[in-house]
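Take a look at the structure set out below.
The values are calculated or read from the model by the stated rules, or taken from the named source; none is laboratory data. For clarity, every value in this text was computed on a predicted model and none was experimentally measured. Virtual Cβ from ideal backbone geometry, glycine too; neighbours counted across all protein chains shown. For accessibility, only protein heavy atoms count, side chains too; no ligands or nucleic acids. Shrake-Rupley method; radii C 1.70, N 1.55, O 1.52, S 1.80 Å.
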Amino acid sequence: MNIAAAYLTHHLLVHPVTGLKMRMSLTIVTAVHESMGASTRSRGRVPPPLRPGESGRGRRRRSGRLAVLIGAGVLLAAACASDDVTDASTDDRTPTVVASMSIWADVVENVTCNGLVQVESLAPPGVDTHTYEPSLRDRAKMDDANMIVVNGLGLEASLEDTLDAVAADGTPVFVIGDHIEPLTAADSEDDQSDDPPDDESDDHADEADAHGHDHEGGADPHIWFDPVRISGTLDELADTIAEATGLPEAELAACTQDYKDALRDAHTDIVDLVEGLAPEQRVLVTNHDSLRYFADRYGFRVVGTVIPAATTAAEASIARLEELAHVIEHEGVVAIFGDTTHASATLDELASQAGVVVVSLHTDSLGPARSAHSSYIGLLTTNAKAIVTALQSGGKEQ
């Protein structure tokens with residue numbers, strides 16, 4: 001009974017709302033108890049005072065009933081307090097931001113100070129975003145989110161209907177590709193060699209155009225390979241997150257600036273790394289058309305791709321592979337850069353016949369947790385090191 005009294009006193013005095021609910025509960029308990037007493041007296045069954053040596057069964061019975069009533073009041077009041085706690089936890093829950101892929105999930109985590117929001121990625125690390133098919137669970141995540149962050153430029157083609165529906169329901173969708181100037185198919189043509197190996201290249205070029213960029217407006221979606229472009233979108237991203245979640249703008253702005261500084265340092269490191277390559281060494285052949293932004297930023301030429309498109313869902317033709325073999329020989333290519341998320345027997349066969357090595361890069365997804373490429377900055381720097389090392393070594397195995 002002392003414990004119950006202490007509990008009641010504390011909540012009655014300290015918690016106004018809970019105290020009000022508890023006072024109402026105790027009023028009910030008191031009324032019931034008085035009613036029971038009145039009923040007993042009206043039937044003339046009020047027991048006389050307990051005399052020495054007399055049985056205490058009747059008094060214990062009355063005390064038991066009183067204890068049950070007070071206990072019920074305590075439980076009812078505790079339930080009221082529990083309701084208050086539940087309501088508070090619901091109101092104070094951590095905001096959720098859903099990203100379409102692991103790269104953008106990491107970017108959001110850094111912009112939001114690594115903990116102010118719960119960040120979830122639809123396509124997990126190691127999964128090819130080009131071919132990822134969303135599930136019903138993914139739809140539920142998006143419905144419950146405060147905000148969604150996607151790449152755009154046609155990368156999330158399988159999500160477009162769902163994103164339209166979620167946006168129509170009022171959930172903000174931040175499309176990173178809408179905040180940059182993307183590279184297009186025309187820009188890609190500028191990267192090609194000005195001296196084709198033979199006249200057949202012109203014939204095969206028409207075929208390549210037919211299989212070219214199949215993303216929105218011919219835009220290349222692999223924007224994350226240019227940290228300078230991405231850094232320029234972060235202030236707008238942070239502002240949108242603050243508006244969608246109610247988080248303090250000043251705190252997000254400070255974390256965003258720190259992250260922009262880190263991206264600038266990573267960009268500087270890559271520039272310094274690339275300076276060790278002669279201009280004629282800066283020639284790339286890739287599995288699919290994924291490194292144009294890297295080439296545009298750091299002074300490389302992409303002279304060919306095994307899959308002549310910006311998506312791994314496409315396929316290479318025999319004519320295309322024959323043309324690419326000529327290009328590799330003519331340009332003195334020493335390595336073909338593939339994707340860890342897309343194994344390709346065609347790529348391996350082409351590399352073997354051309355006498356070059358295959359170097360796997362993390363192009364469309366972060367790597368496993370705690371690996372060198374488990375963050376966006378780690379992906380940028382480890383890919384750059386792998387590219388430069390392969391080209392400096394003349395394609396020799398490291």
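Annotation note: Cβ proximity below 8 Å between a residue of region 103-132 that is within 17 Å of LEU153 (Cα to Cα) and among the hydroxyl-bearing types (Ser, Thr, Tyr) and a residue that is open to solvent by 30 Å² or more (accessible area, probe 1.4 Å) and at pLDDT below 90 (sequence gap 6+ or interchain) occurs for THR131/ALA313; TYR132/SER158.
Residues in region 141-173 that are part of a helix (DSSP H, G or I) and touching a strand residue (DSSP E or B) at 6+ places or on another chain (Cβ under 7 Å): LYS141, MET142, ASP144, LEU159, LEU163, VAL166, ALA167.
With respect to LEU155, is the statement that it is open to solvent by 10 Å² or more (accessible area, probe 1.4 Å), among the hydrophobic types (A, V, I, L, M, F, W, C) and at pLDDT below 95 true? In short, no. Among the residues of region 241-252, write down those that are surrounded by fewer than 16 Cβ atoms within 10 Å (Cβ to Cβ) and either touching a helix residue (DSSP H, G or I) at 6+ places or on another chain (Cβ under 6 Å) or part of a helix (DSSP H, G or I) (or both). Across region 241-252, the qualifying residues are GLU243, GLU249, ALA250, GLU251. Looking across region 323-347 at every residue that is assigned to a helix (DSSP H, G or I) and within 15 Å of LEU391 (Cβ to Cβ), the one that is most open to solvent (accessible area, probe 1.4 Å) is identified as GLU331.
Looking only at residues in region 77-129 that are in a helix (DSSP H, G or I), modelled with pLDDT of 95 or more and out of contact with any strand residue (DSSP E or B) (no Cβ under 6 Å at 6 or more places or on another chain), which one is nearest to GLY246 (Cα to Cα)?
Across region 77-129, the extreme among qualifying residues is VAL111.
Every listed requirement among (1) at negative phi; (2) modelled with pLDDT under 80 is met by ILE223 save one, (2). Counting only residues that are of a type in the set (Phe, Trp, Tyr) and in contact with a His (Cβ under 7 Å, 6 or more places away or on another chain), region 287-302 holds 1 of them. If I ask for residues that are surrounded by fewer than 18 Cβ atoms within 10 Å (Cβ to Cβ) and of a type in the set (Gly, Ala, Ser), which ones from region 375-389 would you list? Hit for region 375-389 is GLY378, nothing else. Scanning region 130-145 for residues that are at pLDDT 90 or above and open to solvent by less than 40 Å² (accessible area, probe 1.4 Å) returns ASP138, MET142, ALA145.
Across region 346-373, which residue is farthest from THR305 (Cα to Cα) among those that are within 31 Å of the chain's Cα centre (by Cα) and without any contact (Cβ under 8 Å) to a residue 12 or more places away in the chain?
From region 346-373, those within 31 Å of the chain's Cα centre (by Cα) are 347, 358-373; that's our starting set.
Okay, now just the ones that are also without any contact (Cβ under 8 Å) to a residue 12 or more places away in the chain, so 370-373.
Numbers: ARG370: 31, SER371: 28, ALA372: 26, HIS373: 23 Å.
Out of the qualifying residues, it is ARG370.
For region 348-374, a tally of residues being open to solvent by 80 Å² or more (accessible area, probe 1.4 Å) and assigned to a helix (DSSP H, G or I) returns 4.
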